[in-house]
Structures are given as structure tokens and as C-alpha cells.
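S.K.: To start, I am sharing the structure in question, which I have written as C-alpha cells.
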2 protein chains.
Amino acid sequence: MADVRVSAASLRTAATGIFVACGVSEEDARLVADSLVQADLWGHQSHGVLRVGWYADRLRAGVMQSSTKTEVVAGLGAVATIDGHDGIGQVVTARAAEEALDRAAQHGVGVVSVRNSNHFGTAAYFTRMAPPRGCIAILTTNSSPAMAPWGGRGKLVGSNPWSIAAPIGGGKQMVLDIANTAVARGKIYLARNQGSEIPDGWAVASDGTPTRDPATALLGTVLPMAGHKGYGISVMVDVLSGVLGGSGFGSGVSGPYQAERPGRSGHLYLALDIAAFSPVAEFEDRMNALVAELKSGSREGADPVRYPGELEDLAEERNLRDGVLLPERTVADLRRVGEELGVEVLA
Amino acid sequence: MADVRVSAASLRTAATGIFVACGVSEEDARLVADSLVQADLWGHQSHGVLRVGWYADRLRAGVMQSSTKTEVVAGLGAVATIDGHDGIGQVVTARAAEEALDRAAQHGVGVVSVRNSNHFGTAAYFTRMAPPRGCIAILTTNSSPAMAPWGGRGKLVGSNPWSIAAPIGGGKQMVLDIANTAVARGKIYLARNQGSEIPDGWAVASDGTPTRDPATALLGTVLPMAGHKGYGISVMVDVLSGVLGGSGFGSGVSGPYQAERPGRSGHLYLALDIAAFSPVAEFEDRMNALVAELKSGSREGADPVRYPGELEDLAEERNLRDGVLLPERTVADLRRVGEELGVEVLA
């Protein structure tokens, strides 16, 4: 199927309209829409407006509350636990980030554990809130089971994404944002929507045999990155995200593709106030020296070495200029969801 | 070359004697010796007494101070920055861990950044200090450059190990401890000492071609785990460990194999007081449920699924009973170092 280019602004308007029609407040709808469109701008379509319909389904089914009511249920000065009460993951997480950043400004570090939240889109959307405030952020989340435990069988371990963002200076950031699977499940959904094969090493079928067919892979199990290391990281991310604060963990977490169960996803947002450790200007000088050193390893005649997050910034610049490239099916899905809700979308 | 079995107690005595002969205090020498022998007990010989000679060389060369003088140079209530003044990595890190755990007990979280330290052995030795005190610990460190930046060439990125430990209850812990390379360099040194080949995918020669020869690999570059993800993780670990607190970073860090330069290694120790988030007993119930769920994925006729850190506990039990299995060359090296220092070792 062909791809089409759509401006970020019109995608934001479309997604906001759909969420408002699902009963979400204008402010919250804008946040969720922006987080999804931002993923498309960064070139991560698997986490972009492709997901609008799934969010709408969950809102309409009532397993995700259209009105997000967060509550601080425990905490000392530097730490807090927030109950998301099945609200929208993005709204819950943005509030948790604000809370952690405020506490970091006071105490040098702020840590917020979130329980009973939902899928929040891309983790980097929230860690990138920290560098403009002079902070480094670490955000972890658990997600619905997607892969087998190392040496075992069955979907028992989530892909459990995490992100770290730090300022480089000049408004730039260094940003890591990864899942612990060899590939994000969303990329397999995208391949199915695009009608393309998936590469070797991404997934196995339900009987454990390798597959390149996205539909077969979606019935099977995604493989962990880096073997036992990826398994171990994913389990520990679940401990930090779900077990610590009393949220769902393991099979107790449901994904954004399921419209019939509360997500019960847990997150951990950790903010470090750089100035509490060393002067920010000196920190940024060191970051620039690190970037320069990494780039000194570029090979002649090849693309320059990139620092983590740089490719996303380059994609954003390109997509803001040219429009976001989306499969026609994704646009058709958005229009269909809009029609169902009586909202004119991407007219 | 054949392997021999040596008791943990006699290895501790041997290593302690060697460090004391290098001018280290009895207390500090015991800590360093215990940390190395503990790695052997866990089955990680690459981080075990194999390294005693390298530590002795660095102490005798004066690039690592035999008397470790740590100094708190910055900090608020919940956070601190410690300067290790080129002291012994294990001693510096144990003090940083105590500092972070004390602060966590007061503030719910404690974060200590360490600058100008040295290689500290295995990270799990220090994160495992947290669970008996009701805490989860995260420890990161940078290390000397070992791999090329993703898409580039040259040794520019360290393996930068990190560890997370959390209590399961009943004195048990769940523990992750990994480097971001496809393999720890120490395992290639061990293969060279054992005269064995290394597997495919561990390393490339200096010209970028794959190799199974450990000596060729040691002149070349270790590969990152999980491609660009391992590269990204490693760079961010350097940001947290070295850049944040003003320690060495990138090529500014020297390894334990080099006797001619200060290490300038940086660490970040982060302790979360579980009780500040949810009651510890409930946390441990959830940890046990998570372990049970992971084990439910065990395949019939195969080894049971293990939780992170379980294999190390099983190895320790076995090695405490039977003695640690070491290559004869490692024992011969220990005796030689002892002779040079006038200490009788493993007589």
C-alpha cells in the first residue's frame, strides 16, 4: 500500500478531536495527541498515530478512564507514589514527571513511582521534559507480556521500555529510548499494515520456530535483545516499574491492543538535578566533549557516528518540513475512527 | 592447562596478604580480596582473583593509592558527590554505597556520584549490600574504552557495567549485573589464560574482521550487545557515571590492565528505600509471585527458568562446598606475585 505525507499539525488536530469525542478534556487530549504525533515526527511510526484507534477503543470500553484523576498515595520529601486510577498513561506520566522534577529541584533527586496507569506512548516524550529544567531523567515502564523468560517458553515477560535523557547544551539532548525485546511489537503491527516481511531474529511462532510473517509473529513470541541480558534487564525494569509501587507486574499488565482489561501498568520516573552534583555549564562542556569523541570514530565514506537521540532530532527536522510519511492504511483507520465518533478527520 | 580447586578462605587469605604487602590497610585489603573471591564463588572467574596481580601492579606503580581517602565534595540531603582521590575502587564504592543507603533511609532515595575512583570488580558486590537494608540499589560505572561507537570504528566506548539488586525475601535477592559489550573483556583474558578459542560474535580484530583467537581479539574490539541499543546504553551509563559527577569519561578512563595511568573511573550509586513506596512485606510477596510466574515458563526436560542472580547463588553454594575451580595459571600467577612481594601464598 502507498504512503502519504500529512502535516504534524493536522495529525495533532485529528487525534485531539478523536480523543475529545471520547470524553477526554481538551488539555489532556492535546497532550496525548502531541505525544503520538511526536513519535511519528521522530520516525517511530510504531508508536505514532497508528495507535489512536486503540486508545479510542480502550476509552470507549471504559477500561481507560477518559478523565484522569491522579492521587499521591505515599511519599517522603524526595519520593512519591502516584495512583493513576486507570487514567490515560500520557496524562498520568506527565504529572509524575512534573512531580519528580519539582522534587529534584528541592532535594537533588526526585523519584515518583506510578501505579495503575496505562501505556504512555514513547518514554522519551517524558524524559525529554527534564533537560530544559537542568535535570537528567530516567523513566521505566512495564508492559504486557511479550516474550518468553530466558530458557523457557510462553509470553511471560514484557518488553518493558526505558529511557534516559540528558542535556548537551544549546537546546540539544542525548536520549536513549529502548524496549528490551529484539524489536518493539508495534513494528510488527506496522509491517502487517504495510504488508511487508519482518527480518530474521525478530520473533518466533507460537511453537518456537523462526518466522518472517508478521501475522504469525504476532501469534508467537518476540525475542529478547542480547539473550539473557535483555531478559534480565526486562525483569528488573518490571521490578522497578510494577513491583516497587504495587502496580500490575508480569501477566498483571495489559497492553494498548486489548480493549477489555485495565492496563495496570506501572512506571518509575527518576530525576537528577545536575547542579546538585556539578555546575551545569561544566556538565554540558563534558557532554560536548563526549559527543565530539564519539564522532571522531566516524568512518570515511560512511554516515557520521550519531549520539543517542540524534537520529530522532534529524527525522523531526525533516518531517516538520515535509510532513509525516504514513501508510495509507493508518490514515484510513484514523478517518474510520473519526466517522464512528462523528468527528471529521483529515478532510 | 588443568584446573585446580582452591577454598574461598585460602584465596581470601592469599589476596589479602598480597594487598597488605602493597601497603593497603588490613581492613581495606580484606574488602578487596573478598570482592574478588566472591566473583569466583559466583562463577565469574573473569572478575575474580585473576585480577589480583593487576591490582598489585597498579598499587606498586602508585597510580592507585594504597591508602584510600574519600571526600564528600558536594551534596544536598538526598544526594552527594564523593571524590575517590585515586583510591581503591572497591573501598571507594563500598563507602559510596553506605552513604547512599544512609541517605535513602532518611529521604526515601539516596544518590551518590563518585569521581576519580578505580575499577571496583563486580558491580553486584555493592548492589547486594542494599536488599538486607530494605533497599533496591542501582549501580553504574564507566570503564576504559573497549568498543567502537555504533556505525564507527576504534575503541571509544567502555563496556560500562551496571547492576540492579532487589530483595525477594528469605535472604534471597534478584540481581542483574551486566556489561554492555557482547562479552566482558575479562572473559577473553580468561580464554587466553586457558588456551581456548572464543565464540563467534564476541569480538573483531583491529581491522574489523571477526576472530575466534583471544589474543587477536584483545588487540581488536569487543562487539556491543544488541547492536545500537547496547551502544546507546553504554554511552548513557558513561553520562551517569563519569560526566555527571566530573570524573573521567570516554577515553579519559583507564582500565585495571594498565599500570601506568590513574583510572579516573566514575560511578553512580542509587538506593531506593522500598518502605517509602509500599510496605516491604507486600513488596516481597509480589517479588515471590513474579519469580513463580517466571518459573512457570520452564520447559519440560530442560533446566528450570532462573530469575536474575539465581545462577550466581547456585554457583556460590557449590563453590563454597567444593572449592573454587581455577586455571593452574591463575594460581601460579598468584604465587609469583606473592614471591615478588615476599608473601607466602597458597603454600
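The values are calculated or read from the model by the stated rules, or taken from the named source; none is laboratory data. Predicted model only: the values in this text are computed from it and were never measured. Methodologically, a virtual Cβ is constructed for each residue, glycine included, from the backbone with ideal geometry; neighbour enumeration extends over all protein chains shown. SASA here: full protein model, heavy atoms, side chains in, ligands and nucleic acids out. Shrake-Rupley method; radii C 1.70, N 1.55, O 1.52, S 1.80 Å.
S.K.: Any residue at all in the stretch A:31-44 that's open to solvent by less than 50 Å² (accessible area, probe 1.4 Å), among the small types (Gly, Ala, Ser), over 21 Å from A:Leu101 (Cα atoms) and touching a Gly at 6+ places or on another chain (Cβ under 9 Å)?
M.R.: Looking for residues that are open to solvent by less than 50 Å² (accessible area, probe 1.4 Å), among the small types (Gly, Ala, Ser), over 21 Å from A:Leu101 (Cα atoms) and touching a Gly at 6+ places or on another chain (Cβ under 9 Å), one finds at least one in the stretch A:31-44, hence yes.
S.K.: Please go through the stretch B:135-161 and give me each residue that is open to solvent by 20 Å² or more (accessible area, probe 1.4 Å) and modelled with pLDDT of 95 or more, ordered by number.
M.R.: B:Ile138, B:Pro161
Conditions tested, residue by residue: (1) out of contact with any strand residue (DSSP E or B) (no Cβ under 8 Å at 6 or more places or on another chain); (2) part of a helix (DSSP H, G or I); (3) under 18 Å from A:Asp333 (Cα atoms).
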| position | (1), (2), (3) |
| --- | --- |
| A:Arg12 | yes, yes, yes |
| A:Ala15 | yes, yes, yes |
| A:Val24 | yes, no, no |
| A:Asp28 | yes, yes, no |
| A:Val32 | yes, yes, yes |
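S.K.: Here's a follow-up. Going by what's in this entry, would A:Leu218 be described as under 21 Å from A:Leu311 (Cα atoms), open to solvent by less than 50 Å² (accessible area, probe 1.4 Å), more than 10 Å from chain B (Cβ to nearest Cβ) and in a helix (DSSP H, G or I)?
M.R.: Spelling it out, it is not the case that A:Leu218 is under 21 Å from A:Leu311 (Cα atoms), open to solvent by less than 50 Å² (accessible area, probe 1.4 Å), more than 10 Å from chain B (Cβ to nearest Cβ) and in a helix (DSSP H, G or I).
S.K.: Just name the residue that is most open to solvent (accessible area, probe 1.4 Å) out of those in the stretch B:169-184 that are among the polar types (S, T, N, Q) and assigned to a strand (DSSP E or B).
M.R.: That would be B:Gln173.
S.K.: Of the residues in the stretch B:67-114, how many are in contact with a strand residue (DSSP E or B) (Cβ under 7 Å, 6 or more places away or on another chain), of a type in the set (Ser, Thr, Tyr) and surrounded by fewer than 19 Cβ atoms within 10 Å (Cβ to Cβ)?
M.R.: 0
S.K.: I would also like to ask the following. Mind checking whether some residue in the stretch B:195-215 is open to solvent by 40 Å² or more (accessible area, probe 1.4 Å), among the polar types (S, T, N, Q) and part of a helix (DSSP H, G or I)? Walk me through how you get there before you give the answer.
M.R.: Looking only at the stretch B:195-215, we keep the residues that are open to solvent by 40 Å² or more (accessible area, probe 1.4 Å), and these are B:195-197, B:199-202, B:206-210, B:212-213, B:215.
Okay, now just the ones that are also among the polar types (S, T, N, Q), so B:196, B:206, B:209.
Subsequent filtering for residues that are part of a helix (DSSP H, G or I) retains none.
The answer is no; no qualifying residue exists.
S.K.: Go through the stretch A:44-72 and give me each residue that's without any contact (Cβ under 8 Å) to a residue 40 or more places away in the chain and within 14 Å of chain B (Cβ to nearest Cβ).
M.R.: A:Val72 - this is the single residue of the stretch A:44-72 that is without any contact (Cβ under 8 Å) to a residue 40 or more places away in the chain and within 14 Å of chain B (Cβ to nearest Cβ).
S.K.: Moving to a separate point now. Limited to the stretch A:284-329, what total is found for residues that are more than 9 Å from chain B (Cβ to nearest Cβ) and among the β-branched types (Val, Ile, Thr)?
M.R.: The qualifying residues number 2.
S.K.: Of all residues in the stretch B:168-199, which are within 14 Å of another protein chain (Cβ to nearest Cβ) and farther than 30 Å from B:Arg286 by Cβ?
M.R.: B:Thr181, B:Ala182, B:Val183, B:Ala184, B:Lys187, B:Pro199 - these are the residues of the stretch B:168-199 that are within 14 Å of another protein chain (Cβ to nearest Cβ) and farther than 30 Å from B:Arg286 by Cβ.
S.K.: Please go through the stretch B:225-260 and give me each residue that is among the aliphatic types (A, V, I, L, M), within 21 Å of A:Leu270 (Cα to Cα) and facing chain A (nearest Cβ under 8 Å), ordered by number.
M.R.: Within the stretch B:225-260, B:Ile233, B:Val235, B:Met236, B:Val239, B:Leu240, B:Val243, B:Leu244 qualify.
S.K.: Filter the stretch B:107-131 down to residues that are among the hydroxyl-bearing types (Ser, Thr, Tyr) and out of contact with any Leu (no Cβ under 6 Å at 6 or more places or on another chain) and give me whichever is nearest to B:Ala281 (Cα to Cα).
M.R.: Kept after step one, since they are among the hydroxyl-bearing types (Ser, Thr, Tyr), are these residues of the stretch B:107-131: B:113, B:117, B:122, B:125, B:127.
Filter once more, so that each one left must be out of contact with any Leu (no Cβ under 6 Å at 6 or more places or on another chain): B:117, B:122, B:125.
Numbers: B:Ser117: 36, B:Thr122: 29, B:Tyr125: 24 Å.
Of everything passing the filter in the stretch B:107-131, B:Tyr125 is nearest to B:Ala281 (Cα to Cα).
S.K.: Return yes when B:Ser25 is buried (at least 18 other Cβ atoms within 10 Å of the Cβ), touching a residue at least 12 places away in the same chain (Cβ under 8 Å) and among the hydroxyl-bearing types (Ser, Thr, Tyr) and no when it is not.
M.R.: Values: buried (at least 18 other Cβ atoms within 10 Å of the Cβ): no; touching a residue at least 12 places away in the same chain (Cβ under 8 Å): yes; among the hydroxyl-bearing types (Ser, Thr, Tyr): yes.
Considered against the rule, which asks whether it is buried (at least 18 other Cβ atoms within 10 Å of the Cβ), touching a residue at least 12 places away in the same chain (Cβ under 8 Å) and among the hydroxyl-bearing types (Ser, Thr, Tyr), B:Ser25 comes out as no.
S.K.: So which residues in the stretch B:121-174 are over 25 Å from B:Asp273 (Cβ atoms) and among the basic types (Lys, Arg)?
M.R.: Step one: of the stretch B:121-174, the residues over 25 Å from B:Asp273 (Cβ atoms) are B:121, B:142-160.
Hits for the stretch B:121-174 are B:Arg153, B:Lys155.
Condition check ((1) under 21 Å from the mean Cα position of the chain (by Cα); (2) of a type in the set (Lys, Arg)) across all residues:
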position	(1), (2)
B:Arg185	yes, yes
B:Gly195	no, no
B:Val204	no, no
B:Thr221	yes, no
B:Gly230	yes, no
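S.K.: Sort out for me the helices (runs of 4 or more DSSP H) sitting completely within the stretch A:264-341 that have 1 or more residues that are among the aromatic types (Phe, Trp, Tyr) and open to solvent by less than 40 Å² (accessible area, probe 1.4 Å). Spell out the reasoning first.
M.R.: Details: elements: A:280-295, A:310-322, A:328-341.
Output list reads A:280-295.
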